[in-house]
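Trainee: Sharing a structure here in structure tokens format.
Computed from the coordinates by the stated procedures, all read-outs in this text should not be read as laboratory data. Note that this is a predicted model, so its numbers are computed, not measured. Ideal geometry is used to build each Cβ from the backbone, glycine not excepted, and the neighbour counts take in all protein chains shown.
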Amino acid sequence: MKIFISADMEGISGVTHRDQIVPGTGEYDRGRKLLTRDVNAAIKGALEAGVDEILVNDSHGSMRNILIEELHPAARLITGFPKPLLMMEGIDESFAGAVFIGYHAMAGAYGTLSHTISGATFASVRINDKAYGETGLNAAVAGHFGIPLIAVSGDDCLKGEVLRDFPEAVYSEVKKAHGTMAVNCLSPAAAEELIAGNVAKAVSNISDYRPFVIEGPLQVDLVLKSNAIADAVTLIPGVRRVSPAEVAYQAADIVDAMRTITAMMCASCILAMDLYK
């Protein structure tokens, strides 16, 4: 049995501030260790439940955060950016289930460091007139390949989002948000025990899960963080401007939608380089 793990950072146990998730800041190295520990806990739980192959996709920022020298040797790691499917790169029909570790609430929602895909780019992402965060979008990508979401870890605010769309998924609440950058945390050891036990439980009951599928064609609407970003992304064929900072396009399916969103994020990154310095 194969399991796919997508690992973000904002929802990792012990992570509360951007200094723990941004390279070059004072606590980033500590954040990487906490991330790797939670990922290893998920791997441990999967192995205990009989999984024999695990692929981990580093899914945060530069996507070079997990310390491979400390990663459990039973897993392989996809690392680096850009990747066509971003947080779900490597997923295909051969997996039995998907696990999301260290996830967070969507843009505009209350929760630890909440955003959707890129906090500097997107104010909201809607598909067929429903707002989704990274959990929903990435679960739909897994569902496109027939893979169900079986387990998630993060804060109490993401838990509400998960229960809305994936009530059967086993949730590991590793912290409670007291603001955007203030949390009430489990200890790392307690969080690891919780994650390992819940992933093992989910894998043991994997036949009970069904893929989350958003049938195409899809209407995708995005509110961007600035008019300048809208200027850039409307250069992408098929993307039309709805208002100064809002764009829309039609996608054949969720994979097509996410590839275009990835291109938009890359265009936004180029703007952030400030080419006219």
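Trainee: For the chain, with the dipole built from +1 on Lys and Arg beta-carbon atoms and -1 on Asp and Glu ones, taken about the Cα centre, which of 84, 147, 16 lies farthest toward the positive end?
Mentor: The Cα lying farthest towards the positive end belongs to 16.
Trainee: Report the label-to-label distance for residue 241 and residue 180 in nanometres (one decimal), using points 7 Å from each Cα along the Cα→Cβ vector.
Mentor: 2.7 nm
Trainee: When the helices in the chain are scored as -39500 (n - 2.57) per DSSP H run of 4 or longer and the sum is shared across all residues, what 222 nm value do you end up with, to the nearest 500 deg cm²/dmol?
Mentor: Numbers: 6 runs with 85 residues, N = 277.
After summing the helix terms and dividing by residue count, I get -10000 deg cm²/dmol.
Trainee: Only one of the values (i) 117; (ii) 159; (iii) 148 was calculated from this structure for volume of the Cα convex hull per residue in Å³; name its label.
Mentor: This structure yields the entry labelled (i).
Trainee: Same structure, new question: In which sequence would 255, 162 go, from the one with the fewest C-beta neighbours within 10 Å to the one with the most?
Mentor: In increasing order of surrounding Cβ atoms, one gets 255, 162.
Trainee: Could you list which residues have their amide H under 5 Å from that of residue 78, counting only those 5 or more apart in sequence or on another chain, with H placed in the peptide plane?
Mentor: Under 5 Å from the amide H of residue 78 lie the amide H atoms of 56, 57, 58, each far enough along the sequence or on another chain.
Trainee: Output the 0 to 90 degree angle, nearest 10, between the alpha-carbon long axis of helix 254-272 and the longest principal axis computed from the alpha carbons of the chain.
Mentor: With rounding to tens, the tilt is 70 degrees.
Trainee: Is any residue of the range 234-253 close enough, with backbone N under 20 Å, to a label point placed 7 angstrom from the Cα of residue 271 along the Cα-Cβ axis, and if so, which?
Mentor: 234-250, by backbone N distance to the label point.
Trainee: Going 7 Å from the Cα of residue 207 along its beta-carbon direction, which residues of the range 29-61 have the amide nitrogen within less than 18 Å of the resulting point?
Mentor: Counting backbone N atoms under 18 Å from the label point, the list is 49-52.
Trainee: Let me ask something additional. Under 5 Å between amide hydrogens, which residues at least 5 positions from residue 246 or on another chain qualify, with H placed 1.01 Å from N in the peptide plane?
Mentor: 224
Trainee: Right, another one. Would you pull out the residues with amide H under 5 Å of residue 124's amide H, same chain only if 5 or more places away, H placed 1.01 Å from N?
Mentor: Correct list: 223.
Trainee: If you don't mind, another one. Express the relative contact order of the chain as a whole percentage, based on alpha carbon pairs under 8 Å and six or more residues apart in sequence. Intermediate values should be presented prior to the final figure.
Mentor: Numbers: 629 pairs, mean separation 56.5, N = 277.
About 20 percent, as a whole number.
Trainee: Output ³J(HN,Hα) for the range 231-247: one whole-Hz value per residue in order, computed from phi by the Karplus curve 6.51 cos²θ - 1.76 cosθ + 1.60 with θ = phi - 60°, and x for Gly and Pro.
Mentor: For the range 231-247, the Karplus-derived couplings read 3, 6, 6, 6, 6, 6, x, x, 8, 10, 8, 9, 8, x, 10, 10, 10 Hz, x marking Gly and Pro.
Trainee: Follow-up question, since we're still on this one. Pairs of Cα atoms under 8 Å, at least six residues apart: use those to get the relative contact order of the range 1-78, whole percent. Before the final figure, lay out the partial values.
Mentor: Values: 111 pairs, mean separation 29.4, N = 78.
With pairs under 8 Å counted, the relative contact order is 38 percent.
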